[in-house]
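Okay, so here's the structure we're looking at.
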Amino acid sequence: MSASSRTRKSVLFVEALALASESHPFSLNLHAGEALSLLGEDFSAISLFCDILAGFSKPAQGRIMLDDHDIASLLPERRPIALISSRDPVFGHLNVAENIAFPLRVRGNTAQEINATLAKVLALVGLDALSNDDASQLTPEQVLRVKLGRVLAYAPSVVIMDNIMEGLDLRAAAKTRQLISRLHRALGLTLIYAARNREDALWLGGRIAVFDGQTLLQCADAATLLERPSDPRGAALFGEANLLTGRVLRIDDDIARIHLACGGVVEAMADAALTEDALCTICIRPDRMTPLLGAPLAGDDEPPPLLATIQSILHTGEHIRFRLRLADGAEIEMRRPSLQSMRGMTQGTALQLAWQASQAVAFPMKDDL
């Protein structure tokens, strides 16, 4: 956590929270004005966490502290937390303004207060010209703007967005991201955003909480998650890292020298818990590997190289993806910039793989990998 993060007030703090009875408890904080993204392959687990924060589901254990008050037992309508999701209803028999004003009327605001708030919110979400249109006639993007406006109308302490891009085309999703980013900066909103993939988790620019099922693996900025993952599962999920197994030969100055199960000796940064002669898992991102073509094999006094054979090649425009097969039959991915020369690299080509030790991380092997 950065120095600036340590000095900011945590508006939301989750302490020893377990989403279900069999889940590992975790703790997580959210600073005032921060935008935190949630990322995991199990979308139902992420949605459950969002529902628990908003009060629609109960955790198996733990506390949810909002502004130093435990709100875990409060009903959803008593929590200053708003959840926006694809499950939220927009009332088709009401117009745009009536939908946005609905929570204010429920709370007993005066007509003058409601009108003043409506004018401001409609402008913020860009629905001024549609205020009298029936909600049933709106596009998916406009429906989402109504939901955003309804939340902004009563100014909750935390806004949670779960799967809000569902049903939007690429252009509408891009416009929605721009709108949310603008609102976040202009209003200082405190946001939690449930992402569907790594790219979706990056656009807000804040910390990202990476989950494996219902277990929180790591919460950090994107650079830390990529360069210094704390868990091989998180490295594979966020960094799309290849996972290779081996045995530690020695550790010098935090650099582990490792004999791989597939053959070859490589180096990687050693996790603090790694010990010599232990089985380990190496995480190496596809874009951090360098192919060596026509390089001589190691001599008698040199460690054996890591050898691979190209199985397939895919041009994606930005880069080239190589599917490689190792000596033990395992397959990994390598990526190279599309501008680099492809000379000699065709399907069936044998090559050596190399990387700098600082580009890989070695962790003690876990049984669940």
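The values are calculated or read from the model by the stated rules, or taken from the named source; none is laboratory data. Fair warning: this is a prediction, and the values are worked out from it, not measured in the lab. Cβ atoms come from the backbone with ideal geometry, glycine included; neighbour counts cover every protein chain shown. Note: accessible area is taken over every heavy atom of the protein model, side chains too, but ligands, DNA and RNA are not part of it. Shrake-Rupley method; radii C 1.70, N 1.55, O 1.52, S 1.80 Å.
Highest mobility in the GNM of the chain, judged by mean-square fluctuation with C-alpha springs under 10 Å and restricted to Pro25, Pro59, Pro337, is found for Pro337.
The phi-based Karplus calculation (6.51 cos²θ - 1.76 cosθ + 1.60; θ = phi - 60°) puts the 3J(HN,Hα) values of region 353-360 at 10, 9, 7, 6, 4, 5, 8, 10 Hz, whole numbers, x for Gly and Pro.
Taking amide H atoms as placed 1.01 Å from N in the peptide plane, the amide H of Asp212 lies under 5 Å from those of Leu217, each 5 or more residues away in sequence or on another chain. Each peptide in 145-152, 84-91, 103-110 gets a packing score, the mean of other Cβ atoms within 10 Å over its residues, and the list from highest to lowest is 145-152, 84-91, 103-110.
Taking a Cβ cut-off of under 11 Å around Leu138, the surrounding Lys, Arg, Asp and Glu residues balance to a net charge of -1, with basic ones at +1 and acidic ones at -1. Which of rounded, prolate, oblate describes region 117-196, given a ≥ b ≥ c as roots of the alpha-carbon gyration tensor eigenvalues and a/c under 1.5 marking rounded, otherwise prolate only if a/b is larger than b/c? Since a/c reaches 1.5 but b/c is at least a/b, the shape of region 117-196 is classed as oblate. Each Lys or Arg adds one and each Asp or Glu takes one away; over the other residues whose Cβ falls under 15 Å from the Cβ of Leu293, this sums to +2. Look at where the Cα atoms of region 226-259 and of region 132-148 average out, and the two centres are 48 Å apart.
Once both labels are positioned 7 Å from their Cα atoms along Cα-to-Cβ, the gap between Glu77 and Ala223 label points is 4.7 nm.
Stretch Thr275-Ala129 to full length: gain in nm at 0.36 nm per residue minus the Cα-Cα span?
46.0 nm
Taking a ≥ b ≥ c as the square roots of the eigenvalues of the Cα gyration tensor, an a/c ratio of 1.5 or more together with a/b larger than b/c marks region 1-151 as prolate. Take Leu249, project a point 7 Å from its Cα along the Cβ direction, then tell me which residues of region 262-290 have their backbone nitrogen under 18 Å from it. Of the residues in region 262-290, 262-271, 275-283 have backbone N under 18 Å from the label point off Leu249.
Taken as Cα centroids, region 154-189 and region 63-79 sit 23 Å apart, rounded to the nearest whole angstrom. In degrees, nearest 10, range 0 to 90: what is the angle between the Cα axis of helix 170-187 and the longest Cα principal axis of the chain? The two axes meet at around 70 degrees. Here's how it looks for Asn109: its modeled amide H is under 5 Å from none belonging to a residue 5 or more places away or on a different chain.
Computed from backbone phi, the HN-Hα couplings of region 23-34 come to 7, 7, x, 9, 10, 7, 10, 9, 7, 4, x, 8 Hz, rounded to whole numbers (Karplus: 6.51 cos²θ - 1.76 cosθ + 1.60, θ = phi - 60°; Gly and Pro given as x).
Go through (i) 147; (ii) 202; (iii) 165 and flag the label whose value is the computed volume of the Cα convex hull per residue in Å³ for this structure. Derived directly from the coordinates: (iii).
For Lys175 and Leu314, what is the calculated FRET efficiency with R₀ set at 30 Å and r taken between the beta-carbons, to the nearest 0.05? In this case the efficiency is close to 0.50. Normalising the average separation of contacting C-alpha pairs (under 8 angstrom, six or more residues apart) by the number of residues puts the relative contact order of the chain at 15 percent. The amide H of Ser57, built 1.01 Å from its N in the peptide plane, has Ile52 as neighbours under 5 Å, considering only residues 5 or more places off or on other chains.
Here the alpha carbons of region 31-72 define both size measures, Rg and Dmax, at 11.5, 31 Å. Solvent-accessible surface of the chain, averaged per residue with a 1.4 angstrom probe and all protein chains in place: 49 square angstrom.
Given the -39500 (n - 2.57) contribution per DSSP H run of 4+ residues, what per-residue ellipticity at 222 nm results for the chain, rounded to the nearest 500 deg cm²/dmol? Kindly include the intermediate steps, with their values, before the conclusion.
Values: 9 runs with 92 residues, N = 369.
Value at 222 nm, helices only, nearest 500: -7500 deg cm²/dmol.
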